[in-house]
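Encoded as structure tokens, the structure appears first; notes follow it.
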Amino acid sequence: MKAIVKIMLRPAVLDPQGKAIAHALSALGFSGVGEVRQGKLITLELDETDAEKARETVKEMCEKLLANTVIEDYEIELEA
Amino acid sequence: MQSVVVLFPGINREHDMIRALEIASGRKPHVAWHTDTALPKGVDLVVIPGGFSYGDYLRAGAIAARSPIMRAVIAAAEKGVKVLGVCNGFQILTEAHLLPGALMRNAGLKFVCRTVRLRVENDSTFFTNRLKKGDILPCPVAHHDGNYYADEETLKRLEGEGRVVFRYAEGTNPNGSVNDIAGVMNERGNVIGMMPHPEDRVEALHGGDECLPLFLSIVEEVAA
């Protein structure tokens, strides 16, 4: 089973990297772009075949290491 | 005073820290490695120096904070042993939840390496008792992720409880830190983290020794 973890800065946290990307897009002539935010995508190959158990384990991984929940939110997606 | 300097792969500022501790205390610090599971017996102070532990992979300090030696550091902190983290050491202490908040990418997105003016905000901590509130010290910074963030509730507590130990003086905030915060301490007052490098301003060769009293403060506190 494959897990995909999406990690984004919490909405209340300023994202200077996203801001810089927005500026660069505007400099390239792309108009109509509102707020840009940058995050991380982590993919994990898991031996676990039970989706419920896999989600539980990945959630623990997020809480313990993958995300810093002081500033980041995470979402877990599973692929068979 | 007996101190221990904790090393992780990628830490590179330990020599300056060891020298500063030796100048202040007259004793060579012990050195602990990230795979050690215990600190040397009888240490008064644990120091996590600056650098780029694990190449700043994932987040600055994230992987070091979960290494075996950190379990011993956390246990020591809970017993009241003094812990100081500088730069990457500060990032590691926040990632280990020994200090509140987080260090984010600098607001200007660039690595900053310069001397800032550091203002002492609390002069009754183990690292500042030889100074006075409002004292301004020149102190070098060198970091890419020093933008201190904490949610409003945490900030209110930090400010209300005098737990902001250092602030960048007006006009010298190099990284966008909220409330110009350069260093904070935990509730008990035995864990302090800061982004600037006071160990690099302790002798004439550094351009001045204005930050030496910080290290002398620890020696005095431990002797008291």
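The values are calculated or read from the model by the stated rules, or taken from the named source; none is laboratory data. Being a predicted model, the structure only gives us computed values, none of them experimental. Cβ sites come from the backbone with ideal geometry, for glycine too, and all protein chains shown count toward neighbours. Keep in mind that these areas ignore ligands, DNA and RNA; they rest on the heavy atoms of the full protein, side chains included. Shrake-Rupley method; radii C 1.70, N 1.55, O 1.52, S 1.80 Å.
Using Cα springs under 10 Å in a Gaussian network model of chain A, which residue among A:A54, A:A27, A:A67 shows the largest mean-square fluctuation? Among A:A54, A:A27, A:A67, the largest mean-square fluctuation in the Gaussian network model of chain A belongs to A:A27.
The long axis of helix A:16-27 is offset from the longest Cα principal axis of chain A by roughly 50 degrees. Between A:K40 and A:E79, the simple label model (points 7 Å from Cα in the Cβ direction) yields a spacing of 2.0 nm. Sparse packing (at most 11 other Cβ atoms within 10 Å of the Cβ) combined with a DSSP loop state is found for the following trypsin sites (Lys or Arg not before Pro) in the stretch B:116-215: B:K132, B:R188.
Between B:R66 and B:R114, the modelled labels are 3.6 nm apart [label points 7 Å from Cα along Cα→Cβ]. Between B and A, roughly 1300 Å² of accessible area is buried in total, ligands, DNA and RNA not counted and the probe set to 1.4 Å. What the phi angles of the stretch B:162-168 give under the Karplus curve with 6.51, -1.76 and 1.60, with θ = phi - 60°, is a coupling list of x, 9, 7, 8, 9, 10, 6 Hz, glycine and proline written as x.
Label reach from B:L205 (point 7 Å along Cα→C-beta): in the stretch B:1-40, amide nitrogens under 11 Å belong to B:16, B:19-20. Accessible surface calculations at 1.4 Å, restricted to protein heavy atoms, place the protein assembly as shown at 47 Å² per residue. Under 12 Å from the 7 Å Cα→Cβ point of A:V13, by amide nitrogen: which residues of the stretch A:43-80? Only A:66-74 fall inside the zone, counting backbone N under 12 Å. Only one residue of A:L66, A:A12, A:T43 has its Cα farthest out toward the positive end of the dipole of the stretch A:2-79, where Lys and Arg carry +1 and Asp and Glu -1 on Cβ, and that residue is A:A12.
Just to confirm the filter: which chymotrypsin sites (Phe, Trp or Tyr not before Pro) across the stretch B:13-67 are DSSP coil and have at most 12 other Cβ within 10 angstrom of their Cβ? Passing both the DSSP loop test and the Cβ count: B:Y57. First check a/c for chain B, with a ≥ b ≥ c the square roots of the eigenvalues of its C-alpha gyration tensor; if it is under 1.5, answer rounded, and if not, answer prolate when a/b is larger than b/c or oblate otherwise. Here chain B falls in the rounded category. Summary value for chain B: 20 percent relative contact order, contacts being C-alpha pairs under 8 angstrom separated by 6+ residues.
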